[in-house]
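Undergrad: I have a structure I would like to understand better, so I am pasting it below and will then ask my questions one at a time.
FYI, it's all coordinate maths here, none of it is from the lab. Remember, it's a predicted structure, so these values are computed and weren't measured experimentally. As a convention, Cβ positions derive from the backbone with ideal geometry for all residues, glycine included, and neighbour counts pool all protein chains shown.
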Amino acid sequence: MTENQQRKMIEFFLTFCITTTGTVFVCAIYVGVFWRDALLKHDILWQILLLCFVCSLCNFIHPYLETSRKRVVLNIGIRYLYINLVVLGGGHMFQWLDIKNVFMLAVMMLEILAVFIVVSAVIWRLHKRDSERLNQRLQEYQQTGGKTL
């Protein structure tokens, strides 16, 4: 496995973990608002894990390097639409929400947006930190004239 593939897999699992944590948090809010007296079955845990796994697969949408701001925005939009489709479709399939209830649908969409923003921010921050570290190493390499320390 190449270093790039290893990084992609690490990022996938990191995204999965952050997404799962965020999803459990917003599910607690969602259930508290719409299903206060609900007794949840263990199946919901498997459903959450499945949807988070499928959502995390969006890391492999447009896996090439973005070269323009327009491409980055398009990529983010496609990922966001994909996640909405997965979560709303899965939520309907697992009977988490009534699509005809506009308020319930709106809250679910806001929660999807919140988790998407948090996950994206964490991943972006990690990429920024890695880029800064690589730039620093490159500067050190250039300052030493290509000699390793």
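Undergrad: Note down the relative contact order for the chain as a percent, whole number, built from C-alpha pairs under 8 angstrom at least six residues apart. Don't skip to the end; give the middle numbers.
TA: Working: 65 pairs, mean separation 39.8, N = 149.
The normalised contact order for the chain reaches 27 percent.
Undergrad: Between Tyr141 and Ala121, take the C-beta separation as r, use R0 = 30 Å, and let me know the FRET efficiency to the nearest 0.05.
TA: Numbers: r = 30 Å, r/R0 = 1.01.
Plugging the Cβ-Cβ distance into 1/(1 + (r/R0)^6) gives 0.50.
Undergrad: From the helices alone, meaning DSSP H stretches of at least four residues, give me the mean residue ellipticity at 222 nm for the chain, per-run term -39500 (n - 2.57), in deg cm²/dmol to the nearest 500. Let's see the in-between values first.
TA: Details: 4 runs with 113 residues, N = 149.
Taking each H run of at least 4 residues, the total per residue is -27000 deg cm²/dmol.
Undergrad: Oh, and also: Identify which of Thr15, Thr23, Thr67 has the largest mean-square fluctuation in a Gaussian network model of the chain, with springs joining Cα atoms closer than 10 Å.
TA: Of the options given, Thr67 has the highest mean-square fluctuation.
Undergrad: Using a Gaussian network model of the chain whose springs link C-alpha atoms within less than 10 Å, name the residue from Val102, Val115, Val87 with the highest mean-square fluctuation.
TA: Result: Val102 has the largest fluctuation of those listed.
Undergrad: Fully extended, how many nm does the chain gain between Phe60 and Cys17 (0.36 nm per residue separation, minus their Cα-Cα distance)? Mind dumping the intermediate values first?
TA: On the way: separation 43, 0.36 × 43 = 15.48 nm, distance 1.62 nm.
Answer, rounded to one decimal: 13.9 nm.
Undergrad: Could you list Ser56, Ser131 so that the one with the fewest beta carbons within 10 Å of its beta carbon is first and the one with the most is last? Walk me through the intermediate numbers first.
TA: Details: Ser56 22, Ser131 10.
Ascending Cβ contact count within 10 Å gives the list Ser131, Ser56.
Undergrad: Please report how many Lys pairs in the chain have alpha carbons closer than 29 angstrom, counting only residues at least 8 apart along the chain or sitting on separate chains.
TA: Details: Lys8/Lys70; Lys8/Lys128; Lys41/Lys100; Lys70/Lys128; Lys128/Lys147.
Taking the chain as the scope, the lysine pair count is 5.
Undergrad: Which whole-angstrom value gives the distance between the alpha carbon centres of segment 1-62 and segment 67-121?
TA: 12 Å
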